[in-house]
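Only one structure is covered here, and it is reproduced in the block below.
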Amino acid sequence: MKPQTGPGLERISKLLAGRGLCSRREADEYIKRGWVLLNGKPVTQLGTKALATDDLKLTASASRAQDRTVTILLNKPVGYVSNEPEDGYSQASELLSPPHQDRSEGDRQFDARRLPGLAPAGRLDIDSRGLLIFTQDGRIARKLIGEHEPGPEKEYLVRVQGKLDGAGLARLRKGMVMDGKPLLDAKVEWVNADQLRFVLHEGRKRQIRRMCDAVHLKVMGLKRVRIGGVSLGGLPDGKWRFLRPWEKF
């Protein structure tokens, strides 16, 4: 079809990603394959633009391709890097192999040929442990690490050392500023004498540790146990499993 020109136009890949239909990278691949419909007609030229009001859809072939994408939950141990490599430390992705798969619920066996495109959606500090997501699905990646806030809830169990009075607890919940930008309100409560539960809608670098430092608490251990509607559950330390069809972030 003949490309549109004029004001108010945006790349179709950006529009598709903004509507949560796929990632920009996926959109470019679908366009090359003729799997994107603009006002009912296939688009095959990369860089094609459209109006925000135009009708954009993915074909059944694109939907089937998305259904074949892999999303994995890993219980990351302390000492593993979740994203960028660091000298002397192993990357969490190294654990995504058959010996580390938890098949206690009868999950299908992992096929190493599915590794390409499997990337972490978010991060977890090297000295933190718990739920880390790897996915090939751009929709999931965008939801977990997209630019828009608030994102899905992220729940952490944090073992701390030090004294925290009512004013300090209230400060953790509301009104904190980090790097010159206000933090979104957080849910923070005591679980027991030395452990707090944090529920956040954002994930700035080392956020919880910096929040605790601001109220003179020392973090002794930090574990992420939930993202949105997906919980770590009983997944053993250092093990991984597939996201199940009914689990939604």
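The values are calculated or read from the model by the stated rules, or taken from the named source; none is laboratory data. Since we're looking at a predicted model, the values are computed, not measured. Using ideal geometry, Cβ is built from the backbone for each residue, glycine included, and neighbour counts are taken over all protein chains shown.
Let me spell it out: the conditions are (1) farther than 18 Å from residue 129 by Cα; (2) at pLDDT 95 or above; (3) surrounded by 14 or more Cβ atoms within 10 Å (Cβ to Cβ), and residue 208 meets all of them except one. Which number is the exception?
If we test residue 208 against (1) farther than 18 Å from residue 129 by Cα; (2) at pLDDT 95 or above; (3) surrounded by 14 or more Cβ atoms within 10 Å (Cβ to Cβ), just (1) comes out false.
Checking the conditions here, which among 174, 154 is among the basic types (Lys, Arg), over 30 Å from residue 71 (Cβ atoms) and at pLDDT 95 or above?
174
Enumerate the pairs (first residue in region 72-100 and within 11 Å of residue 237 (Cβ to Cβ); second residue anywhere and among the hydroxyl-bearing types (Ser, Thr, Tyr) and surrounded by 15 or more Cβ atoms within 10 Å (Cβ to Cβ)) with beta-carbon separation below 8 Å, excluding pairs fewer than 6 apart on the same chain, so at least 6 apart or on different chains.
Correct list of pairs: 76/82; 76/128; 78/128; 95/80.
Output yes when any residue across region 157-172 is without any contact (Cβ under 8 Å) to a residue 24 or more places away in the chain and of a type outside the set (A, V, I, L, M), and no when none is.
Within region 157-172 (the criterion being without any contact (Cβ under 8 Å) to a residue 24 or more places away in the chain and of a type outside the set (A, V, I, L, M)), the answer is yes, since at least one residue qualifies.
What number of residues within region 15-42 are touching a strand residue (DSSP E or B) at 6+ places or on another chain (Cβ under 9 Å), at pLDDT 90 or above and surrounded by 13 or more Cβ atoms within 10 Å (Cβ to Cβ)?
Final tally of qualifying residues: 9.
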